[in-house]
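Okay, so here's the structure we're looking at.
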């Protein structure tokens, strides 16, 4: 078989390229789903946000305060009923940003040597190298960015992008009520003598009484916080010991308090503390090292389940290159990351030679949709 007919060469063909890239993306073992924290916390919006003539997509996140019930009115037969007050709608707007990782470029000399390798080793090695080195790298970059922003939204209520080499700016600030930002309580949570379970129960009770509604809630915090604060906390250790004793299941002989033992006992605490969900979010940036979007020292209390939607919009590049791109060049597009963006494979004339490019364009942002009931606790600051 000639190189021109190889699957690797077809990646940059207008009609066949999409099928080959889709095969690479779906082939088990080729592309690993790394850094997908954001998909654990946010659902992908099934509807695209419209884009204006400037290429901007403005989303609106809104929610109505849940209605609360009161005791009924006693009335005379055929008496009128009073009309319930309608709860207001809160909302915020934001812009869906565009993102792109560093792209892939193959120059004419590289293509020449790949043709020679193809003659000797065939197609499989070329595709595997392209997938694991380039497609995986760009996929990881996109997933890391979305997870970083998801953690920022959850732990601060806003997204500010300060990574990469492109634009650095605020993206949106959600409408979390000011009173939903609270301090640790009588002591900072890192203090082993802090009555940490009492403080969690107090915060929950205060907000549930204020809201007047009951729905499943969950606490969220990093593994580092849980290990450093809870496993070393006097009240937690005392409660776990008591819980294990009354259930006739004493601690293991070494007496070491583990994460599972602590979480099991906390859920059973008489204060009815909501379950603790550990946030496992960190990015391994090639330039920055380990990067986290979750704000240090923050614990979050929020409704159980997904926190919102990943808003998305059409990538303008697909339409503009498709309609107005230089006809000397060729472009083909394939959907990326479940509709969060597109892959663009292009053959570009650069001077006397061609170049083969692969780029990934993402236009998406995780957004909070339960913001009225989202509580952010600064555990490093006492009242």
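Taking springs between alpha-carbon atoms closer than 10 angstrom, which of 185, 305, 17 fluctuates most in the Gaussian network model of the chain? Comparing 185, 305, 17 in the GNM, the peak value goes to 305. Quick one: helix 196-211 against the long Cα principal axis of the chain, what's the angle to the nearest 10°, folded into 0 to 90? So the helix axis and the longest Cα principal axis differ by about 90 degrees. With 0.36 nm allotted per residue and the present C-alpha distance subtracted, the residue 245-residue 44 stretch has 67.8 nm of extension available. Over the chain, DSSP H runs of length four or greater, each weighted -39,500 (n - 2.57), average out per residue to a 222 nm ellipticity of -8500 deg cm²/dmol.
Springs join every pair of Cα atoms under 10 Å in this Gaussian network model of the chain, and among 222, 178, 49 the largest mean-square fluctuation is at 178. Based on Cα contacts under 8 Å between residues 6+ apart, the chain shows a relative contact order of 28 percent. Take the Cα radius of gyration of the chain and divide it by 2.2 N^0.38 Å, N being the number of residues; the result is 1.26. Annotation for residue 187 and residue 56: the two label points, set 7 Å from Cα along the Cα-Cβ direction, are 5.1 nm apart. Give the angle, between 0 and 90 degrees and rounded to the nearest 10, that separates the Cα long axis of helix 136-156 from the longest principal axis of the Cα atoms of the chain. Orientation of helix 136-156: about 20 degrees from the principal axis.
Each DSSP beta bridge with both residues in region 194-307 is either parallel or antiparallel, and the antiparallel ones are about 65%. With respect to the chain, whose longest principal axis is taken over its alpha-carbon atoms, helix 108-121 is tilted by about 90°. Using only Cα atoms, locate the centre of region 1-70 and the centre of region 171-196, then give the distance between them in Å, rounded to an integer. Comparing the Cα centres of region 1-70 and region 171-196, I get a distance of 35 Å.
Applying 0.36 nm per residue to the separation of residue 112 and residue 64 and subtracting their alpha-carbon distance, the gain on full extension is 11.2 nm. Shape verdict for region 279-334, please, from the Cα gyration tensor: rounded (a/c under 1.5), prolate (a/b greater than b/c) or oblate. It comes out oblate by the Cα gyration axes. Taken over region 94-201, the ratio of Cα radius of gyration to 2.2 N^0.38 Å equals 1.82. Looking at the chain alone, DSSP beta bridges between its own residues are antiparallel in about 85 percent of cases.
Note on region 289-324 and region 351-374: Cα centroid distance 9 Å, given to the nearest whole angstrom.
We did not get these values from a lab; they are worked out from the coordinates using the rules stated. Worth saying up front: this structure is predicted, and the values here are computed from it rather than measured. In this analysis, Cβ positions are derived from the backbone assuming ideal geometry, glycine residues included, and neighbour counts consider all displayed protein chains.
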